[in-house]
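**Student:** If you scroll down you'll find the structure; I have some questions about it.
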């Protein structure tokens with residue numbers, strides 16, 4: 001790999017990385033949406049520097065070992081199309097830092113905004129929360145921070161994902177509040193009723209999987225693919241969630257680009273589709289009463 005002795009400062013490497021990223025036509029969508037932010041995230045993390053450093057430090061000269069590390073990690077991003085959070089093993093969600101690797105999806109759900117607002121105005125008395133398909137544990141842990149008096153159960157079918165979630169539970173010191181379960185949705189969960197069931201499940205259709213940029217194929221397919229229409233997991237949640245909710249409880253689920261398909265599949269169901277100040281969509285809310293009212297329709301499946 002070329003050493004580029006001309007690159008001496010942090011600023012040099014930021015400019016170099018942006019040029020390489022643009023030249024390669026990389027896809028952004030795992031924490032950033034442009035080459036500049038991608039380069040900043042990758043380079044500052046590799047140098048163990050905070051994002052809010054004094055700009056004058058950008059002109060500091062790097063030692064040989066630092067330059068070698070930066071060239072290597074930029075090379076991996078460009079040639080292998082590995083998303084930055086997998087290279088740095090860090091992703092941010094709801095203003096919290098999470099460890100991630102290729103055993104889990106990279107956190108990026110707009111549900112973070114809903115958690116920060118404590119699910120207002122949908123519910124105001126929260127004691128028990130269930131996070132289905134928890135992955136890295138980011139939703140469950142963010143809920144523990146937003147509702148310090150609540151108990152959170154978090155489940156995933158993947159023991160590999162739960163190993164990552166355990167790292168994050170310990171990192172954020174919420175092992176007394178967040179309990180992890182290996183479970184295929186509700187199958188192995190305790191029989192109890194929750195105030196909130198929240199989920200960012202797999203919801204990518206076959207056609208969409210085939211069209212995803214290379215970056216997404218570094219993520220576990222188990223966390224993305226959900227059958228021909230992308231609704232296999234969501235429909236199972238709709239069929240069963242009502243039995244696990246308090247009478248005034250709510251179900252919150254992200255379905256992303258499968259929003260239109262879901263609405264067409266169940267045209268009589270009054271899904272409430274949420275809007276977010278920070279962007280994103282494809283998240284619906286249903287109340288426990290609505291889930292019970294349309295249980296027969298959900299039973300027909302897809």
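The values are calculated or read from the model by the stated rules, or taken from the named source; none is laboratory data. The shown structure was predicted, so the numbers you read here are calculated from the model rather than taken from an experiment. Please note: Cβ atoms are built from the backbone with ideal geometry, for glycine as well, and neighbour counts cover all protein chains shown.
**Student:** Just one of (1) part of a helix (DSSP H, G or I); (2) under 25 Å from residue 278 (Cα atoms) trips up residue 97, so point out which.
**Tutor:** (1) is the only condition that residue 97 fails.
**Student:** Test residue 259 against the criterion of being over 25 Å from the mean Cα position of the chain (by Cα) and either part of a helix (DSSP H, G or I) or surrounded by 13 or more Cβ atoms within 10 Å (Cβ to Cβ) (or both), and give yes or no.
**Tutor:** For residue 259, the condition - over 25 Å from the mean Cα position of the chain (by Cα) and either part of a helix (DSSP H, G or I) or surrounded by 13 or more Cβ atoms within 10 Å (Cβ to Cβ) (or both) - is not met.
**Student:** Considering the stretch 125-177 alone, what residues qualify as being part of a strand (DSSP E or B) and closer than 23 Å to residue 233 by Cα?
**Tutor:** The answer is 128, 129, 130, 131, 132, 152, 153, 154, 155, 156.
**Student:** (1) over 20 Å from the mean Cα position of the chain (by Cα); (2) buried (at least 16 other Cβ atoms within 10 Å of the Cβ); (3) assigned to a loop (DSSP other than H, G, I, E, B); (4) touching a residue at least 40 places away in the same chain (Cβ under 8 Å): which one isn't true of residue 269, the others all being true?
**Tutor:** So the condition that residue 269 fails would be (4).
**Student:** Same structure again: For the structure I just gave you, tell me whether residue 230 is part of a loop (DSSP other than H, G, I, E, B) and surrounded by fewer than 20 Cβ atoms within 10 Å (Cβ to Cβ).
**Tutor:** No; evaluated as a whole, the condition is false for this residue.
**Student:** Are any residues in the stretch 91-134 within 30 Å of residue 72 (Cβ to Cβ) and in contact with a strand residue (DSSP E or B) (Cβ under 6 Å, 6 or more places away or on another chain), and if so, which ones?
**Tutor:** Of everything in the stretch 91-134, those that are within 30 Å of residue 72 (Cβ to Cβ) and in contact with a strand residue (DSSP E or B) (Cβ under 6 Å, 6 or more places away or on another chain) turn out to be 91, 98, 100, 106, 107.
Residue-by-condition table, conditions (1) within 23 Å of residue 245 (Cα to Cα); (2) touching a residue at least 12 places away in the same chain (Cβ under 8 Å); (3) surrounded by 20 or more Cβ atoms within 10 Å (Cβ to Cβ); (4) not assigned by TED's automatic domain parsing to the domain that holds residue 83:
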position: 116; (1), (2), (3), (4): yes, yes, no, yes
position: 124; (1), (2), (3), (4): yes, no, no, yes
position: 133; (1), (2), (3), (4): yes, yes, yes, yes
position: 163; (1), (2), (3), (4): no, yes, no, yes
position: 203; (1), (2), (3), (4): yes, yes, yes, yes
position: 209; (1), (2), (3), (4): no, yes, no, yes
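**Student:** I need the full set of residues from the stretch 42-66 which are surrounded by 15 or more Cβ atoms within 10 Å (Cβ to Cβ) and not in a loop (DSSP other than H, G, I, E, B), in order please.
**Tutor:** Result: 42, 43, 44, 45, 46, 58, 66.
**Student:** Still on this structure: Which condition number in (1) part of a loop (DSSP other than H, G, I, E, B); (2) surrounded by fewer than 16 Cβ atoms within 10 Å (Cβ to Cβ); (3) touching a residue at least 24 places away in the same chain (Cβ under 8 Å) is the one that residue 280 fails?
**Tutor:** (2)
**Student:** Another one. Is it true that residue 72 is touching a residue at least 60 places away in the same chain (Cβ under 8 Å), assigned to a helix (DSSP H, G or I) and within 30 Å of the chain's Cα centre (by Cα)?
**Tutor:** It is true that residue 72 is touching a residue at least 60 places away in the same chain (Cβ under 8 Å), assigned to a helix (DSSP H, G or I) and within 30 Å of the chain's Cα centre (by Cα).
**Student:** Something else now. Take residue 87 and tell me if it is buried (at least 18 other Cβ atoms within 10 Å of the Cβ), part of a helix (DSSP H, G or I) and touching a helix residue (DSSP H, G or I) at 6+ places or on another chain (Cβ under 9 Å).
**Tutor:** yes
**Student:** Another one. Scan the stretch 3-27 for residues that are part of a loop (DSSP other than H, G, I, E, B) and in contact (Cβ under 8 Å) with a residue 12 or more places away in the chain and jot them down.
**Tutor:** 3, 4, 7, 8, 26, 27
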